[in-house]
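> Sharing a structure with you now.
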Amino acid sequence: MIRFAWRRALESIPVLIVLSFIVFGLFKLVPGDYLSEMELNPTISSETVEKLRHDYGLDRSLPVQYWLWLKQIVKGDFGYSFAQRRPASDLVMERVGGTLVLTASAFSLALFLALILGLISALNVGRWPDGLSLWLSLAGLSLPTVLASIGCLYFAYWTGWLPVGGADTWRHLILPSITLAIPSAAFLARTLRLELIDTLGQPYVRAAVAKGLPEWRVVWHALRNAANPVISLAGVTLGGLLSGAVVVEKVFGWPGLGSLIVDSLLMRDLYVALNCVLLASFFVIVANFFADLLLALNDPRVRCR
Amino acid sequence: MINKVLILSSLLSLFAFGLILLTSHCSTDREQSLTRALLPLPEEAKTIDAAGHFGGQLRYALAGEPETFNYVAAIEVRSRTVVGLTTASLLEFNPGDQRVADGLAKSWEFSPDGKELRIQLRQGIRFSDGEPLTADDVLFTFERLYDEESSNVLKDALMVGGEPLQVEKVSDFEIVIRFSKPHGGAEYLLSNIPILPKHLLKDHIKPIEQAWTLDTPPEDMAGLGPFVIAEHFPGRRTVLRYNPHYWKVDSEGRRLPYLDEIVFEFIEDRDTQLLRFKAKELDILDQLLRPDDFQMLVGSVGVSTEDVGPSANLMGFWCNLNQGLNPETNKPFLDPVKSEWFQNRGFRQALSCSINRADIVRNVYTGYASLATTLIPASNRNWHAANIDGFQFDPAKARQLLSSTGFSWKGGHGSETLLDPAGRAVELEILTRTDDVAGRTAAMIQQDLEALGIAVSIRQEEMRAVIGQIMRARDYDTALMNMDFPIEPSDIMNVLSSGGAMHVWNPLQVRPASDWEARIDELMLLQGTLLDRDRRYDAFHEVQEILALEVPFIPIVNRNILVAWQPHIKNLRPASVFPYGLSEIWAVYLVP
């Protein structure tokens, strides 16, 4: 088990290094940098801008800049935010909690909804609850996150039941979580439905029913067998949630990594963007690791492997 | 059985969710109004003509987090909006009448040769932490701004004639500022320099712009503005609280500001801002208000609105006038054929005459923009040249101007092609940013130029990429951009003088590329050294006349400043210049 965790941790290092190089490269490929906007300020001279460019190391070549950054990391320095003139890691750490809370709440909600919808569908194949559940999940999958976010905001505005954006109390968390959970819930519900229908048709399930096992125990056994692909997919879905959070955080004004990523990319605040992307990737890797662990817990066959 | 349980449980979940919504709605989290500290007033407080009620909180939307709490490092508008309310200068620019008035200085006087400025400070003024303000703080401020290591944003403006100002202390409340040569914009310049607290910053060894970041504890910062930074919640909001030592009083001798707090909420999405304003979770919308949204709010019950007039934000169109060689490729920056067209003054004038600005105002800005005739908007009462019309929309005149410089047309009506004197079809590309307003304006210009027989394509790129193209790569035909022009002519030097980095149509010239650019250089230097207001106006007026005739830059429209606020906010004095809706904020109060 510990060896498995170590192996996964070591495997993730090259992924993060390659990713950081890609982000660095993309920053260099696109014309302009953080200081370009300052060049439009008539009261600031080009000499001042060039001095700042030199101070920030933006006048160096891509490999040199990248190498210096890697060297800094070894010393525990993850770079500097040009905009806020303080360590980029400080900015990222201020926001990471927001994203984790939002993603965790959306993920739990997505799993709960997927379980309910998937079970209702699979146990009522061809009847109206199945139709309704399929229709709901199709709608959830087709609905763009931006539209769902704005729709939720209008809902909050017209009813006055919930705050229109912001992030102060648990009430502010409700609408962003729902918006973020909708597509994942729909996707997982459809997968669970298909897997359950398949499992419920297996001879061993029919044998269990024929032997008079209570219905809930039959469904529980079938659910555990049908859960494997859903658990694997849930790990992947978590990555999707993180990218969906970018939009949701922007629209709802939720202070998380998503809005920081967009701002830093638009402003070309290189090291902040880099830290955000790396941390988000790290979360995806961790989520997949936990999905694998859950899979092993759920299925003894995986443990043997 | 299990099926029924499932359906029932999902229904129960829905019901529970509804219940949560309803019960949570009942809770309120209103903050209690703060009680104002009773501190002695400064001996020489400044009296403001206002009478209102004390207390309350104003909620204002910012498009994102400020970058700093240090005015000396504040480049973008969000930081300037927040930090601007926590600082004060020796002199004060009044956005209402656009005049410079007394600030921390109660009086000031120039020597006869204009090279020396004697300033008397108000006595009894204290920083927000209670420490007294003296001439030492003023000296400290200039010393740190001129620090060799520092790259602060005010340093360049403080170099007059390439030399720093010499600041000398005469007594605790008197200083003398010496200029290497007379400076016409001296008073305005001083209205932009925040006075820093020496007692808090003297031990800060790094360059001054690195002090006071967003994680600096509020108790380690102090200022002379009407408010102080009270709390900052990363990614959510910054709260400013009234400065208990503020040095302005109202007509009844009571210490201002009236408001207890200003809460800056970071809301990037414009729809969310509008919804929160309509839900009364925000009190003012100004910089971020879109014309369409403003139109919807005009006449709405329970909302006050005002179209304050043209801002200094100008949408301008220009041709690439670079004729030089790209040192990397040793080839011209611009295709010589196109360069020939653009160097032709008649061609540039014809382009200006073919753009229907009124249509752009109507279709792109829903009517909330003003036709621009010069670089300086009509709202700039000090420097706008009202008698200059420029080459306004007149398609017949455009054709006449082109014919007179050898251009001709082929093809029938509706499918005409403009040919240059050598018989080549005229085609050009408009470079602009990926922004809805810029894109729609470019499309309108494309339509107008195509009516003249010019084939036009549009290239939209992200703003920093566009700036890179214009300032460095210079491989573009024409560009369309909106820019904020400062209200003081000396601050536009970088745009108007031929060697300026922001001389967008042909930046960083070693020597002026044309006679008219040489004349503009001369006039800009002259106006900078004149103290006589009328003579400065005449010199700057001639600059505007030359620009209107030579048309290196075609002013299109100035976006209007639109302000909407909740009616319980009184004495709001929105201005067309920064800080717009928050101008003279010390006099704003809430109806109890």
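The values are calculated or read from the model by the stated rules, or taken from the named source; none is laboratory data. This structure is a prediction, so every number in the text was calculated from the model and none was measured. Positions of Cβ are backbone-derived with ideal geometry, glycine not excepted, and every protein chain shown enters the neighbour counts. For the accessible areas, the whole protein counts, side chains as well, though only heavy atoms, and no ligand, DNA or RNA atoms are used. Shrake-Rupley method; radii C 1.70, N 1.55, O 1.52, S 1.80 Å.
> Using the Cα centre as the reference, give the magnitude of the dipole from point charges on the C-beta atoms of the stretch A:1-76 (Lys, Arg: +1; Asp, Glu: -1; all else neutral), rounded to the nearest 20 debye.
Charge dipole of the stretch A:1-76: 720 debye, to the nearest 20.
> Still on this structure, I have one more. What does the structure give for B:481-488 when I average, per residue, the other chain Cβ atoms found within 10 Å of the residue Cβ?
2
> Tell me which DSSP H helices of chain B clear both cut-offs, 18 Å or more of axial length from alpha-carbon atoms and a mean Kyte-Doolittle hydropathy of at least 0.0.
B:2-25
> Residues of the stretch A:94-129 with backbone nitrogen within less than 16 Å of a virtual label 7 Å along the Cα-to-Cβ line of A:V209, please, listed as ranges.
Correct set: A:119-127.
> Which parts of the stretch B:248-268, residue by residue, lose 40 Å² or more of accessible area when the rest of the protein chains are there, as against the chain isolated (1.4 Å probe)?
In the stretch B:248-268, residues shielded by partner chains: B:E268.
> Shielding by partners for B:229-238, please: the mean number of other protein chain Cβ atoms within 10 Å of each residue's Cβ.
4
> Please list, ordered by chain and number, the residues whose modelled amide H lies under 5 Å from the amide H of B:R59; skip anything fewer than 5 residues away on the same chain.
Amide H neighbours of B:R59: B:V263, B:D283, B:I284.
> Let me check I've understood the local charge: for B:Q446, count other residues with C-beta under 14 angstrom from its C-beta, Lys and Arg +1, Asp and Glu -1. What total comes out?
-4
> Ok, one more. Give, as a single signed number, the net charge of other residues whose beta carbon lies under 11 Å from the beta carbon of A:I231, with Lys and Arg counted +1 and Asp and Glu -1.
Taking every other residue near A:I231 into account, the sum is -2.
> Continuing with this model, one more query. For chain A, set up a Gaussian network in which alpha carbons nearer than 10 Å are linked by springs, and say which option among A:L213, A:L295, A:L265 fluctuates the most.
A:L213
> Give me the Å³ per residue figure for the convex hull around the C-alpha atoms of the stretch A:90-304.
137 Å³
> Along the stretch B:452-458, what does the Karplus equation 6.51 cos²θ - 1.76 cosθ + 1.60 (θ = phi - 60°) give for ³J(HN,Hα), rounded to whole Hz, x for Gly and Pro?
8, x, 9, 7, 10, 10, 10
> What residues have an amide H closer than 5 Å to that of A:S81, excluding those fewer than 5 places away on the same chain, when H is modeled at 1.01 Å from N in the peptide plane?
The list, which skips near neighbours in sequence, is A:R86, A:A88.
> Within the accessible area of the protein assembly as shown, what % is carbon and sulfur when the probe is 1.4 Å and the other protein chains stay in place?
Carbon-and-sulfur percentage of accessible area, whole number: 59.
> Count the net charge of all other residues whose Cβ sits under 9 Å from the Cβ of B:T134, scoring Lys and Arg as +1 and Asp and Glu as -1.
-1
> What length, rounded to one decimal in nm, is gained on full extension from B:H199 through to B:E522, with 0.36 nm per residue of separation minus their alpha-carbon distance?
Full extension from B:H199 to B:E522 adds 111.9 nm.
> B:S171: accessible area at probe 1.4 Å, nearest 10 Å²?
50 Å²
> Between B:H568 and B:N363, what is the spin-label point distance in nm, taking each point 7 Å from the Cα along the Cα→C-beta axis?
According to this spin-label approximation, the distance is 4.4 nm.
> Same structure, new question: Can you tell me the alpha carbon radius of gyration of the stretch A:18-125 divided by the globular rule-of-thumb value 2.2 N^0.38 Å?
So the stretch A:18-125 has a normalised radius of gyration of 1.69.
> May I ask you to derive the relative contact order of chain B, considering only C-alpha pairs under 8 Å and at least 6 residues apart, and to give it as an integer percent? Please report the intermediate quantities before stating the final value.
Values: 1175 pairs, mean separation 106.6, N = 592.
So the answer I get is 18 percent.
> Turning to a different aspect of this structure: Determine the equivalent ellipsoid of the stretch B:107-213 by diagonalising the alpha-carbon gyration tensor, then write out the semi-axes as square roots of 5 times the eigenvalues, largest first, rounded to whole Å.
23, 19, 10
> Assuming 0.36 nm per residue, please report the length gained on full extension of the stretch B:D147 to B:E340 beyond their Cα-Cα distance. Intermediate results must be reported in sequence, preceding the final value.
Working: separation 193, 0.36 × 193 = 69.48 nm, distance 4.63 nm.
Stretched out fully, the B:D147 to B:E340 stretch lengthens by 64.9 nm.
> With a 1.4 Å probe, what is the total accessible area buried between chains B and A, in Å² rounded to the nearest 100?
Summing both chains' loss of accessible area gives about 5600 Å².
> For chain B, what does the alpha-carbon gyration tensor say about shape, rounded, prolate or oblate, given a ≥ b ≥ c as the root eigenvalues, a/c under 1.5 as rounded, and a/b over b/c as prolate?
Oblate.
> Suppose every Lys and Arg Cβ carries +1 and every Asp and Glu Cβ carries -1, with no other charges. What dipole size does the stretch A:90-304 come out with about its Cα centre, to the nearest 20 debye?
I would put it at about 700 debye.
> Would you work out if the protein assembly as shown is rounded, prolate or oblate? Take a ≥ b ≥ c from the square roots of the eigenvalues of the alpha-carbon gyration tensor; rounded if a/c is under 1.5, else prolate when a/b is larger than b/c, oblate otherwise.
prolate
> With every protein chain present, what is the per residue accessible area of the protein assembly as shown (1.4 Å probe, Å²)? Intermediate values should be presented prior to the final figure.
Working: 38420 Å² over 897 residues.
Ligands and nucleic acids excluded, the figure is 43 Å² per residue.
> Related question: Taking amide H positions as placed 1.01 Å from N in the peptide plane, with prolines and chain starts having none, which residues 5 or more places from B:G367, or on another chain, fall under 5 Å of its amide H?
Here the answer is B:R362, since their amide H atoms fall under 5 Å of that of B:G367.
> Pop out a list of residues from the stretch A:240-282 that are at least 30 Å² less accessible with all the protein chains around than in their chain alone; 1.4 Å probe, no ligands or nucleic acids counted.
A:K250, A:V251, A:G253, A:P255, A:L266, A:M267, A:R268
> Residue-wise, which Karplus ³J(HN,Hα) couplings in Hz belong to the stretch B:196-201, taking 6.51 cos²θ - 1.76 cosθ + 1.60, θ = phi - 60°, and x for glycine or proline?
Residue by residue, the stretch B:196-201 yields 9, x, 4, 4, 9, 10 Hz.
> Determine the order of A:C152, A:C276 by accessible area, beginning with the largest, at a probe radius of 1.4 Å. Write down the numbers at each step before the final one.
Numbers: A:C152 20, A:C276 0 Å².
The residues order as A:C152, A:C276, largest area first.
> Now, a different point. Mean Kyte-Doolittle hydropathy of 0.5 or higher plus an axial Cα length of 18 Å or more: which whole DSSP H helices in chain A meet both?
A:2-29, A:62-74, A:88-123, A:128-142, A:145-159, A:171-200, A:215-252, A:270-298
> I would also like to ask the following. Have a look at the stretch B:181-226 and report residues whose accessible surface goes down by 40 Å² or more when the remaining protein chains are included, against the chain on its own, probe 1.4 Å, ligands and DNA/RNA excluded.
B:T213, B:D215
> Just to verify a number: FRET efficiency for A:F112 and B:R459, C-beta to C-beta distance, R0 = 45 Å, to 0.05?
In this case the efficiency is close to 0.40.
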